[in-house]
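Each remark here refers to the structure printed beneath this line.
The values are calculated or read from the model by the stated rules, or taken from the named source; none is laboratory data. Source: prediction; values computed, not measured. Cβ placement follows ideal geometry from the backbone for every residue including glycine, while neighbour counts extend to all protein chains displayed.
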Amino acid sequence: MALILLVITPIIAVLLSLAVPRKIWPLELIAAMAAPIELGSLIMSAISVLGQKSYSFGSFLSLDPLGTIVLSTIVVVGFAASYYSIGYLRREVQKEIIGFRRVRQYFVLFHLFLLAMFFAVTTTNPILTWLSIEATTLATAFLISFYNKPSAMEAAWKYLIINSIGLSLGLFGTLLFLSPTMNLAADSFISWQVLLANAHLLNPLLAKIAFVFVLIGYGTKAGLAPMHTWLPDAHSKAPSPVSALLSGALLNVALMAILRYKAVADITVGPLFSQNLLILFGAMSVVIPAFIIVIQKNYKRLFAYSSIEHMGIMALGFGFGGLGTFAALLHMIYHSLTKSTLFFSAGNIFLKYSSTKIYNVKGTLTVLPITGIILLIGFLAIIGMPPFGIFMTEFYILTSGMAAYPLVVVGILIALAIIFVGFLRHTTNMALGPNIENVPVGESNYLTVIPAIFLLSLFVIISIFLPEPVKSLVQQASLLVK
């Protein structure tokens, strides 16, 4: 029942938002009420998964440990983003940048975005997973172009075209994977379990071709290089709470789809083929952003390129296998919390300075005392400084690959050092120095600060002390991915 409640809640929120008269506060109330219901549904579902290793509602909705981890990142980041959106849009309304119509459009698309991600994770059918991920493209395209500026419209079209082409390739790979199930009865429901059960019937060469298409197709959505070109533009132009969801949630959904097909391909051709491909794309996704981060001039694009880097680190972990798989799943959680916090900080900076250019932002520790501190802690966390959890997950991932792929690991370490230098330079320029523009001191409102504190606090807590339920989920999920 919890899964049904999770899926129905955003649908009801959309319908209520469409029915609201020309007042903004009911839209805010709907978002504020939907978020805790979704969080409660997640908790109930996760408890069931911990007790039974899976949780289903009929034949159509199901949740296993891997899905629970991905769903947790969506719901927790979505919970924080719902309240942050209220504060963020209030400020935009006060500045007369947007009005009621735009606010309603935002919340309707926001709930549809969450709905598509919820369904992509919980549906048991591979085709419906593809449809749901494609639906996220349609919902977020309008959110990326939310401000109707030429650059935002260009970013939205780029996002729409590249991801649609990528997902078309992913669909082709999906159909190839489904070919052994074509002999089943016409009324049979094709699920992930059925796909796994029939994996031994798949031709090995066909399985390799199918996985290549799936990896490129869903890898486009996951932001893996060299299919990543849409991501910096989309993240830099979307409203900050949307950027947080794109980076902290949507990328994980696409990566989850790749891992589902990896399990099928590994049965047919063995794990080495998929692992080598993941290592290749993972290494490119770390190395390519490293050089761009150093010369970056836009702080939202800076965080976007960091997301590409961290998706690459996760791909490396899944490619190295063993301890790397466990660390990659934990890294997924850490990255979602940290990167969403940084995008909330970016939103606060944008609301105050009205610019996304790094050289226009000085003295955030003075102008935005709370946001400035969050920005610095987030910077230390995202680059993997101890004692934060990302340091440990990166250490375990690279350690797991050192014996078999020493040159790859050395190259990644050099790239991470370059990223550290770039982030240090940009963050110190923004956080320190005098307020040369005489920008008014103070946070925009408490709703733009509390969600960031919530996510950062959660990250720090599970970095220092990993709760046993989370550890158990990650261990169970790593067995599914291996």
Notebook entry, point to check: Got a sec? Which of 474, 421, 439, 481 is touching a helix residue (DSSP H, G or I) at 6+ places or on another chain (Cβ under 9 Å), at pLDDT below 90 and over 19 Å from residue 368 (Cα atoms)?
Noted result: 481
Notebook entry, point to check: Can you tell me which residues in region 6-48 are small (Gly, Ala, Ser) and without any contact (Cβ under 8 Å) to a residue 60 or more places away in the chain?
Noted result: 19, 32, 35, 40, 41, 45, 48
Notebook entry, point to check: Do the conditions hold for residue 278, that is, is it at pLDDT 95 or above, within 25 Å of residue 426 (Cβ to Cβ) and crowded, with 24+ Cβ neighbours inside 10 Å?
Noted result: no
Next item on the list: Please state which one of 48, 82, 62 is of a type outside the set (Val, Ile, Thr), assigned to a helix (DSSP H, G or I) and closer than 16 Å to residue 122 by Cβ.
Entry: 48
Margin query: Step by step: first the residues of region 385-444, then only those that are farther than 28 Å from residue 276 by Cβ, in a loop (DSSP other than H, G, I, E, B) and without any contact (Cβ under 8 Å) to a residue 12 or more places away in the chain, then the one that is nearest to the chain's Cα centre (by Cα). Which residue is that?
Written below: 385
Item checked: Checking residue 291 against (1) among the hydrophobic types (A, V, I, L, M, F, W, C); (2) closer than 30 Å to residue 353 by Cα; (3) free of Cβ contacts under 8 Å to residues at least 60 places away in the same chain, the condition it does not meet -> (3)
Next item on the list: For residue 373, work out the one condition from (1) surrounded by fewer than 18 Cβ atoms within 10 Å (Cβ to Cβ); (2) touching a residue at least 40 places away in the same chain (Cβ under 8 Å) it doesn't fulfil.
Entry: (2)
Item checked: One residue from 470, 441 being of a type in the set (A, V, I, L, M), within 22 Å of residue 392 (Cα to Cα) and surrounded by fewer than 21 Cβ atoms within 10 Å (Cβ to Cβ) -> 470
